[in-house]
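See below for the structure under consideration.
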Amino acid sequence: MNARNKYFDVLRGFAILMVVAIHTYKPDITEWTGQVNLGMRQIFNCAVPLFFAMSGFFTYKKALENRQKALKFWKHQIPKVYIPTILWSMPLFLLGICKGKGLCTSMINLLICGFSIYYFIAVTIQFYFLLPALQRYKVVQLGGVILSIAISMVCIGIITYFNIVLDLHLPLIVYAGCGLLWLMFYVVGCALSSKSRLYSLKGVIVILVLGFVLSYVESHYLLSRYSLGFGIKPSSFIFSLGMVLFLMSGKVEAFVMARQNSLFKVFEYIGNESFILYLTHCYVIGWILPHTGFLQDYWLTRWLVVVIISLLGIYLMHKLLPAKSKYYLGIYDSHH
């Protein structure tokens, strides 16, 4: 068995904390603190792209050159993410039925991972199915990477127009659940797995800075005109590309690995629990956070409350639940 790469566990911890921060953010740019928060929110937009890039980085190395190997891969990987998502969606499914939502619509929503924030799993499964074709057509070559970036940028432009400019209020699973939207990040992760990661960071930093400035400016424009736009949009994809290339650089990895302090261990631990933290934190936000009094008044305290309560719940599940039920709920030990 290959040794586990602790740096990528740290990246997962970093990314899932940004995901929680995104989901506890409330836009308010009337004061200078709101302006700072908006800037931080633009940085956190890279969280989901980073997860997709890491998924591509590790799955592209799988040997799926024939149907049998592809089927074995799908049989192993898809249930690991799909079954826990279905089980954690059940309370929302049942609650919707009790509130009078149609059974057929609710069932479809359940099966396509359409409840809450679980679109991420739907996209991940799409990439698993797409992976053999990506390998066959050598998408990691420069032309394939450029094509994937073009496809994603066109998709995010269309989504931004329909969801923000036209204000269609599309369901999350509709506007964020298409794999083509996120394709560039998965493909970049695939490319990084097959090439040297000791590239120069000068151009990457230019993309980062330019992407952040564009994202901040675009957010202001969209918020002032449409009262939306702090989340994903074309400029945030540019910034996220720079962040993926920066954080997944071999140089940055070596720098971080040489400094394995207590903070490193915290991020590593959270990274190991990132999947179950992703699956459960939405319940803390929806059912517990509203009852925390003044703690819900500030973004930082909202974020801390959700992270701490979620991790406490995960710790208790590790201690109290039998191994088999933990596996089906997505509570994996580090060797998984």
Residue separation between residue 321 and residue 76 times 0.36 nm, minus their alpha-carbon distance, gives in nm 85.9 nm
Output ordering of 264-274, 287-297 (per-residue mean of other Cβ within 10 Å, highest first) is 264-274, 287-297
Computed over the chain, protein heavy atoms only, probe 1.4 angstrom, the accessible area per residue in square angstrom equals 50
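Nearest 0.05, what FRET efficiency do residue 97 and residue 287 give at R0 = 22 Å with Cβ-Cβ as r?
Working from the Cβ atoms, E equals 0.80.
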Rounded to 0.05, the calculated FRET efficiency for the beta carbons of residue 256 and residue 217 at R₀ = 22 Å is 0.10
Simple spin-label estimate for residue 142/residue 61, 7 Å along Cα→Cβ, in nm, reads 2.6
For residue 62, counting only lysines whose alpha-carbon sits under 28 Å away and dropping same-chain residues fewer than eight positions off, the answer is 6, 72, 75, 80, 138, 195, 251, 324, 326
Residue 167 and residue 36 label points (each 7 Å along its Cα→Cβ direction) are spaced in nm at 3.2
For residue 29, placing the label point 7 angstrom along Cα-to-beta-carbon and taking region 228-248, residues whose amide nitrogen sits under 14 Å are 228-233, 235-236
So, with points 7 Å from each Cα along the Cβ direction, the residue 225-residue 194 label distance in nm works out to 4.0
Mean-square fluctuation maximum in Gaussian network of the chain, Cα pairs under 10 Å, restricted to 249, 219, 262, hits 262
For the chain, the percent of accessible surface on carbon and sulfur atoms (probe 1.4 angstrom, ligands and nucleic acids excluded) is 70
Of 122, 21, 323, the most mobile residue in a GNM of the chain (C-alpha springs, cutoff 10 Å) is 323
Rh_Kirkwood(the chain) over Cα pairs, Å, one decimal, evaluates to 20.9
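The values are calculated or read from the model by the stated rules, or taken from the named source; none is laboratory data. Just so it is clear, the structure is predicted and the values come from calculations on it, not from any experiment. Every residue, glycine among them, receives a Cβ derived from its backbone with ideal geometry; neighbour counts consider all protein chains shown. Calculation scope for accessible area: heavy atoms of the full protein, side chains included, ligands and nucleic acids excluded. Shrake-Rupley method; radii C 1.70, N 1.55, O 1.52, S 1.80 Å.
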